[in-house]
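**Student:** Dropping a structure here in structure tokens format, bear with me for questions.
The values are calculated or read from the model by the stated rules, or taken from the named source; none is laboratory data. As the structure is a computational prediction, the values presented were derived from the model and not from experiment. Note: ideal-geometry Cβ built from the backbone for every residue, glycine included; neighbour counts use all protein chains shown. To get the accessible areas, we keep the full protein, side chains included, count just its heavy atoms, and leave off ligands, DNA and RNA. Shrake-Rupley method; radii C 1.70, N 1.55, O 1.52, S 1.80 Å.
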Amino acid sequence: MDLHLDPDDLNTCVQCGLCLPHCPTFRVTGDETMSPRGRIQLMREVQNNDVPVTDEVLRSFETCVQCRGCEPACPSSVPFGHLMEQTRETLADANMITPTWQRLAFKPLEHPGLLQIGSKALAVAQRAKLVPKRLGLSEALPLRRDQLVSSGTDVYLFTGCVMDAWQRDVHQAGQRVLEAAGFGVTPTGDLAPCCGALQAHAGLADDTRRLAKSMMDTLEPDRPILVDSAGCGAAMKDYGHLIGTAEAAAFSARVFDIQEWLADHVQSLPQVEPLDLLVAVQDPCHLRHVQRVHLATREVLAPFVRELVELDDEGLCCGAGGAYSVLEPELAGQIRERKVASIARVRPDSVASANPGCSMHLAAVGVPTVHPMQLIDRAITEATRPPLDHE
Ligand code: SF4
Ligand code: SF4
């Protein structure tokens with residue numbers, strides 16, 4: 001079967017195995033077919049030697065978290081993420097992965113009204129204890145959301161789909177921090193309802209291209225687009241590759257992770273008393289391995305908390321992986337156990353995570369996660385709050 005993989009990309013792998021310790025599915029299974037090297041070998045067998053795509057082959061591809069932890073570890077610079085995305089696109093086009101129910105489940109993400117109705121129903125069901133644990137929802141989803149109001153046109157704040165429905169408080173904190181640094185902020189809201197990241201992971205790249213083109217048509221040119229979800233930011237920075245036009249590449253070039261942007265403007269943030277917290281930084285894979293801007297989180301956050309502490313697992317994935325924790329709950333749970341153990345070793349007060357999926361996946365087992373923007377916002381708000389008048 002032709003997987004439509006670039007032969008040069010496929011042949012770049014020299015099978016050295018240096019990526020294996022950085023692969024979460026290999027770490028928990030010890031199975032070569034659950035490793036980057038094993039997956040690349042299967043891609044070669046299928047594409048070059050017409051080896052049939054058996055259930056075992058599909059299992060190998062479907063269990064990849066697409067964390068891309070294997071990429072920075074690879075001395076040959078194998079573009080594993082793009083190989084896996086193209087493999088999934090070919091298999092989805094042939095209806096071999098991503099069944100109809102999954103495709104239908106993605107549809108509300110493109111329609112904010114529909115998503116809001118679904119989220120409210122889920123919030124009600126959650127309060128009636130009718131939501132299965134495998135969905136990994138830790139806290140009560142909001143029944144109501146405050147409006148996001150534009151404060152200017154310096155930058156866009158991308159608000160997206162599920163995150164806007166479930167974690168709008170993170171957007172509000174991010175907007176306040178940007179405003180404290182002097183930027184007027186336009187929340188994208190209905191202008192750009194979904195980035196298409198989850199669809200691309202599932203092999204539905206045509207849906208992602210359609211959403212990307214719509215966003216490129218709608219948002220004003222030249223204005224920076226800031227993103228407070230690592231997974232969405234990584235997807236939007238990849239539009240240039242996905243669509244393959246100069247226009248898409250130019251769009252991607254003005255996408256910034258919010259921490260990345262603020263690290264370049266850190267002198268504009270107010271200087272305030274830091275929060276008395278020991279904070280562990282959890283690097284979302286799409287910030288560390290894909291965007292490779294994870295150090296910005298430390299730079300921006302450090303002045304606002306008593307102490308930052310590093311985990312000792314070299315950025316190993318937490319197992320959230322977009323919809324992975326729902327589709328592969330057993331493996332996702334095993335992978336998470338390693339992350340939780342590394343967090344427990346440093347005994348933090350809070351864990352700063354810049355990705356909603358990681359944050360919810362870890363919070364579901366009691367990890368005290370918070371977005372870096374929420375910590376900075378809290379420090380600034382506490383410093384500027386007027387003292388209580390006891391007279
Ligand atoms: S992907 Fe890179 S690190 Fe992994 S086996 Fe191939 S060449 Fe080695
Ligand atoms: S993307 Fe992540 S899970 Fe997939 S092979 Fe690479 S390291 Fe393993």
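**Student:** For Asp31, work out the one condition from (1) within 16 Å of ligand 1 (Cβ to nearest atom); (2) closer than 26 Å to Val340 by Cβ; (3) surrounded by 15 or more Cβ atoms within 10 Å (Cβ to Cβ) it doesn't fulfil.
**Tutor:** The one condition Asp31 does not meet is (3).
**Student:** Also, quick follow-up: Can Ser151 be described as surrounded by fewer than 20 Cβ atoms within 10 Å (Cβ to Cβ) and modelled with pLDDT under 85?
**Tutor:** No; evaluated as a whole, the condition is false for this residue.
**Student:** How do the pairs read when you match residues in the range 9-30 that are on the phi > 0 side of the Ramachandran plot and at pLDDT 95 or above with residues anywhere that are charged (D, E, K, R) and near ligand 1 (Cβ under 10 Å from one of its atoms), using Cβ under 7 Å and keeping only pairs 6 or more apart or on different chains?
**Tutor:** Pairs that qualify, where the first residue is on the phi > 0 side of the Ramachandran plot and at pLDDT 95 or above and the partner is charged (D, E, K, R) and near ligand 1 (Cβ under 10 Å from one of its atoms), are Gln15/Arg37; Gly17/Arg37.
**Student:** Let me ask you something else. Can you pull out the residues in the range 161-191 that are at pLDDT below 95 and open to solvent by less than 10 Å² (accessible area, probe 1.4 Å)?
**Tutor:** Ala165
**Student:** When you scan the range 279-391 for helices (runs of 4 or more DSSP H) that lie fully inside it, which ones turn up with 1 or more residues that are among the acidic types (Asp, Glu) and modelled with pLDDT of 95 or more?
**Tutor:** 295-301, 329-346, 372-384
**Student:** Return the pairs, sorted by first residue and then second, in which the second residue is among the basic types (Lys, Arg), the first residue lies in the range 80-105 and is within 26 Å of Cys19 (Cα to Cα), the beta carbons are less than 9 Å apart, and the residues are 6+ apart or on different chains.
**Tutor:** Once the first residue is within 26 Å of Cys19 (Cα to Cα) and sits in the range 80-105, its partners that are among the basic types (Lys, Arg) give Phe80/Arg39; Phe80/Arg68; Gly81/Arg68; Leu83/Arg39; Met84/Arg39; Met84/Arg68; Thr87/Arg39; Ile97/Arg88.
**Student:** Something else about it: Is it the case that some residue within the range 53-66 is under 28 Å from Lys237 (Cβ atoms), within 26 Å of the chain's Cα centre (by Cα) and within 11 Å of ligand 1 (Cβ to nearest atom)?
**Tutor:** No, the range 53-66 has no match at all.
**Student:** Please report, ordered by residue number, the helices (runs of 4 or more DSSP H) entirely within the range 201-270 with at least 3 residues that are touching a strand residue (DSSP E or B) at 6+ places or on another chain (Cβ under 6 Å).
**Tutor:** In the range 201-270, 230-237 are the helices (runs of 4 or more DSSP H) which contain 3 or more residues that are touching a strand residue (DSSP E or B) at 6+ places or on another chain (Cβ under 6 Å).
**Student:** Related question: Can you name every residue in the range 1-28 that is buried (at least 16 other Cβ atoms within 10 Å of the Cβ) and assigned to a helix (DSSP H, G or I)?
**Tutor:** Asp9, Leu10, Leu20, His22, Pro24, Thr25, Phe26, Arg27, Val28
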